[in-house]
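K.L.:
Starting off with a structure, shown below.
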Amino acid sequence: MATVEQRRTRSGNGAGPGGTPVENPATGEIITSVPDLKPKDVKEIVARARAAQPAWEALGFEGRARILRRAQKWVLDNTQRICDTIVAETGKTYEDALIAEVSYAANAFGFWAKTAPEYLADERVKSSNMFVKGAKLIVRYKPLGVVGVIGPWNYPLTNSFGDCIPALAAGNAAVLKPAEKTPLTSLLMAEMLDECGMPEGVFGVATGKGSVTGPALIDAVDFVMFTGSTETGKKVMAQAAETLTPVGLELGGKDPMIVLSDADLERAANTAVYYGFQNGGQTCISIERVYVEEPVYDEFVAKVQDKARALRQGVPSGPGSVDVGAVTFEPQMKTIQEHVDDALAKGARVVAGGHAKTDRGRYFEPTVLVDVDHTMKCMTEETFGPTLPIMRVRDAEEAVRLANDSPFGLAGSVFTRDVEKGERIARQVESGAVCVNDAMTNYAALEIPMGGWKTSGMGSRHGAYGIRKYCAQQTLLVKRFALKKDVHMFPYRARNTKVIGGLLKLLYGRGKRD
Ligand code: NDP
């Protein structure tokens, strides 16, 4: 059997001692280092992918699904190893790795293997236009070639590798550029696909610095699937515009939670604490701010405060060891501290947590802020850390107005026992996804689209569009029975023109009108 280095070399992922150290944020230890690729290396990986793609496409849905299903089994057989890798490079808890990452991949391989042939099947279309009567109209989907996926550090499996799965299922080759800080899960996935029989070169990983490997990848591929901050997303789109390369952008968020006075407060508080602090608050669709109707504000805050204070934080050492892990990305500590300090300076109070802990590893305590308002950064800018600011509002109308007072529009949630009202309010929230009496779990349903409004993104992942975006659409118009000359062809004659005018009236002139 090939060694790890041999496998990495074969999949174009570099081998031997590397340039970029990978740190465990929970302990501060350096785990290993990975190759610091240069633009020419990225070009080579993409060239290999391009050469391997036609044979992969030619395998057909069933041939590709066989490998994807093997990968699904591998993920289930190697859960511990994957979790250990994710935990080591992100500092998140074992449960955050298992529930939000491994379970995603375990489902996604089977989902795309099964649905790719349905979503990408030829579509027969009927047209009402008289000029195409009698012709067969087909829309078909052809893989674009090489898809470049650029991922963030917060979910190295779900949000980085996860987007490669539908790209591969569609028949593309994929080259993944993981975040510089968290490349190990992507390299493990390359090994995994190799073991599962993925033809050489179809999947590649380009490690190294974002500002070097990212632009090199964008220039070389046929589609860029980017997940990361809004700021970098704009750069990605601007660069892709130079070659008119299509992009999918999944960007930052500031997800609001609205708690109405008739809500089940215990459920609402548990959800706020879980989806505010799960993954250390480092999830694009974390609950980032809460609006609570006046009559239940104090009771809700008391519950959240107690639950937040009870959370255990520290070095993850296996299942059940801690609830909240480390801050993965060092610069994030500054942002979190800045948002807390800014809120306190403007009159907010901390009722749980509030401090950084850096004696061993890098942590910020699960922090609950009250007496907050929209003059504060914690309510208007993405914090991306374990903070939960809770604001008192007069009524649902004010809550919706404030929820929408944001450049972001990724997701949101509404809590009420009146689900009709909840749904009505959800429809008023300007976000790509809104849950009623829940949060975040919509992401797990791969059948429905997930994408941001406003500066939270462009396009979406999951559902039919989540795989069709990786394909070129081609329309076929096929005429089996064709006249020597159609009535509208040259030379123009008054008689024919009159016939066409009459047909237009006949076809389109009879509908009901006010
Ligand atoms: P960044 O935007 O900093 O980085 C994202 C990726 O882009 C990294 O791989 C990075 O590489 C790379 N990159 C950096 N510069 C360039 C460039 N010039 N061209 C191309 N690629 C480049 O985001 P973070 O990694 O900090 O991730 C956190 C952000 O991601 C948050 O805003 C979060 O909300 C968002 N996110 C959105 C999700 C969604 O589904 N909407 C899901 C998950 C996160 P390197 O790391 O090497 O610098």
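The values are calculated or read from the model by the stated rules, or taken from the named source; none is laboratory data. Being a predicted model, the structure only gives us computed values, none of them experimental. Quick reminder, even Gly has a Cβ in these numbers, built from the backbone with ideal geometry, and neighbours come from all protein chains shown.
K.L.:
Under 20 Å from residue 339 (Cα atoms) and not assigned by TED's automatic domain parsing to the domain that holds residue 93 - does that describe any residue in the range 291-301?
P.N.:
The answer is yes; a qualifying residue exists.
K.L.:
Continuing with the same structure: Take the range 435-477 and flag every residue that is more than 15 Å from the ligand (Cβ to nearest atom) and either at pLDDT below 95 or of a type outside the set (S, T, N, Q) (or both).
P.N.:
435, 436, 438, 447, 464, 467, 468, 470, 471, 472, 476, 477
K.L.:
Further, regarding this structure: Looking at the range 190-208, I want the residues that are within 18 Å of residue 145 (Cβ to Cβ) and among the aromatic types (Phe, Trp, Tyr) and have a partner that is assigned to a loop (DSSP other than H, G, I, E, B) and more than 16 Å from the ligand (Cβ to nearest atom) with Cβ atoms under 8 Å, at least 6 apart or on another chain. Which pairs are those?
P.N.:
These pairs meet every condition: 203/11.
K.L.:
Please tell me if residue 128 is touching a Pro at 6+ places or on another chain (Cβ under 8 Å) and either among the polar types (S, T, N, Q) or assigned by TED's automatic domain parsing to the domain that holds residue 385 (or both).
P.N.:
No: the conditions fail for residue 128.
K.L.:
Right, another one. Please go through the range 107-130 and give me each residue that is at pLDDT below 95 and either surrounded by 14 or more Cβ atoms within 10 Å (Cβ to Cβ) or not in a loop (DSSP other than H, G, I, E, B) (or both), ordered by number.
P.N.:
130
K.L.:
Then there is this: Restricting attention to the range 205-220, and to residues there that are within 10 Å of the ligand (Cβ to nearest atom), within 14 Å of residue 179 (Cβ to Cβ) and β-branched (Val, Ile, Thr), which single residue is farthest from the chain's Cα centre (by Cα)?
P.N.:
212
K.L.:
Checking the condition without any contact (Cβ under 8 Å) to a residue 60 or more places away in the chain, out of contact with any strand residue (DSSP E or B) (no Cβ under 9 Å at 6 or more places or on another chain) and either surrounded by 12 or more Cβ atoms within 10 Å (Cβ to Cβ) or within 30 Å of residue 61 (Cα to Cα) (or both), which residue from 441, 497 passes?
P.N.:
497
K.L.:
Looking at the range 221-262, which of its residues are more than 10 Å from the ligand (Cβ to nearest atom), hydrophobic (A, V, I, L, M, F, W, C) and buried (at least 23 other Cβ atoms within 10 Å of the Cβ)?
P.N.:
Scanning the range 221-262 gives 221, 223, 225, 257, 258, 259, 260.
K.L.:
Here's something else I'd like to know. In the range 444-470, which residue that is surrounded by fewer than 21 Cβ atoms within 10 Å (Cβ to Cβ) and hydrophobic (A, V, I, L, M, F, W, C) is nearest to residue 130 (Cα to Cα)?
P.N.:
464
K.L.:
Restricting to the range 340-357, and then to whatever is part of a loop (DSSP other than H, G, I, E, B) and either more than 30 Å from the chain's Cα centre (by Cα) or free of Cβ contacts under 8 Å to residues at least 24 places away in the same chain (or both), can you tell me which residue is surrounded by the most Cβ atoms within 10 Å (Cβ to Cβ)?
P.N.:
348
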